[in-house]
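Visitor: Structure provided below as structure tokens; questions to follow.
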Ligand SMILES: C[S@@+](CC[C@H](N)C(=O)[O-])C[C@H]1O[C@@H](n2cnc3c(N)ncnc32)[C@H](O)[C@@H]1O
């Protein structure tokens, strides 16, 4: 069973990736132009972004309410594969946006025989679009998309977690991980997409914190970190 090869779901995902590309083109081009004009390195740009986010992450994501900021189809395929490999039945996602990554993960739950995904998103318009996209994909029954700040909405997730995708405000990766840490099963997979915060990387790469972790060579430069809970 591989729902991703199902014509209808593949078409829906293709269309969503096209929509994402169109919606984010100007934003992405602007970022690249700014980097070029400033002569800053990628590391410097990211460090600046972390400072800006620390001051007002809600404001920053409000200004990007129309942007998808979604995972690539290559990373989506990886999400599906890893959720199948660990036979996940309980998944949490921080940063749902329009639900592209959620569809890959929920498709894996369906093919694993069922399960539950809790997603969370700050922007109400994005929550509505994510729910509609999941509905169109026939996966809405597997996903509970919670509107609000992950630091509140993920306080009670009602059970243990096989797989956690962290893909929200860059500066909240460590607080969200620590919030959910008591719920991670031994062997749980934690995927950080855009995991650039040095505090987060130092934490998951320190075996004393009961993780093994390494960069993931998918979409290199996007800060993909692959982490497994060891206890
Ligand atoms: C990179 S996008 C997520 C993309 C999505 N995972 C996908 O691949 O389709 C990050 C999203 O996280 C949301 N976000 C940022 N901080 C958040 C927070 N504290 N709580 C909930 N959502 C948050 C943003 O509004 C944004 O839509």
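Visitor: Quick one: which helices (runs of 4 or more DSSP H) lie wholly within segment 91-155 and hold at least 1 residues that are more than 9 Å from the ligand (Cβ to nearest atom) and crowded, with 17+ Cβ neighbours inside 10 Å?
Guide: So the answer is 100-111, 124-136.
Visitor: Quickly run through segment 206-222 and pick out the residues that are over 19 Å from residue 102 (Cα atoms) and in a loop (DSSP other than H, G, I, E, B).
Guide: 206, 210, 216, 217, 220, 221
Visitor: Additional query: Looking for something part of a strand (DSSP E or B), more than 9 Å from the ligand (Cβ to nearest atom) and closer than 25 Å to residue 58 by Cα - is there at least one such residue anywhere in segment 160-170?
Guide: yes
Visitor: When you go through (1) farther than 24 Å from residue 3 by Cβ; (2) crowded, with 17+ Cβ neighbours inside 10 Å; (3) more than 10 Å from the ligand (Cβ to nearest atom) one by one for residue 212, which number turns out not to apply?
Guide: For residue 212, the exception is condition (2).
Visitor: Sticking with this one: All but one of (1) free of Cβ contacts under 8 Å to residues at least 60 places away in the same chain; (2) exposed (fewer than 12 other Cβ atoms within 10 Å of the Cβ); (3) touching a helix residue (DSSP H, G or I) at 6+ places or on another chain (Cβ under 6 Å) hold for residue 70; state the number of the condition that does not hold.
Guide: (2)
Visitor: Something else: Looking only at segment 68-85, decide whether some residue is farther than 23 Å from residue 195 by Cβ and either more than 8 Å from the ligand (Cβ to nearest atom) or touching a strand residue (DSSP E or B) at 6+ places or on another chain (Cβ under 9 Å) (or both).
Guide: No, that holds for no residue.
Visitor: What helices (runs of 4 or more DSSP H), lying completely within segment 1-85, carry at least 3 residues that are farther than 18 Å from residue 139 by Cβ and over 18 Å from the mean Cα position of the chain (by Cα)?
Guide: Because the criterion is at least 3 residues that are farther than 18 Å from residue 139 by Cβ and over 18 Å from the mean Cα position of the chain (by Cα), the helices (runs of 4 or more DSSP H) in segment 1-85 that meet it are 7-38, 42-62.
Visitor: Within segment 176-205, which residues are in contact with a helix residue (DSSP H, G or I) (Cβ under 6 Å, 6 or more places away or on another chain), part of a helix (DSSP H, G or I) and surrounded by fewer than 21 Cβ atoms within 10 Å (Cβ to Cβ)?
Guide: Residues satisfying the conditions are 199, 203.
Visitor: Taking segment 27-62 on its own, how many of its residues are within 16 Å of the ligand (Cβ to nearest atom) and more than 17 Å from residue 194 (Cβ to Cβ)?
Guide: The total comes to 5.
Visitor: Oh, and also: Confirm whether residue 172 is in contact (Cβ under 8 Å) with a residue 60 or more places away in the chain and either more than 15 Å from the chain's Cα centre (by Cα) or within 22 Å of residue 46 (Cβ to Cβ) (or both).
Guide: yes
Visitor: Residue 35 - would you say it is in contact with a helix residue (DSSP H, G or I) (Cβ under 6 Å, 6 or more places away or on another chain) and either on the phi < 0 side of the Ramachandran plot or in contact (Cβ under 8 Å) with a residue 12 or more places away in the chain (or both)?
Guide: Yes; evaluated as a whole, the condition is true for this residue.
Computed from the coordinates by the stated procedures, all read-outs in this text should not be read as laboratory data. Worth saying up front: this structure is predicted, and the values here are computed from it rather than measured. In this analysis, Cβ positions are derived from the backbone assuming ideal geometry, glycine residues included, and neighbour counts consider all displayed protein chains.
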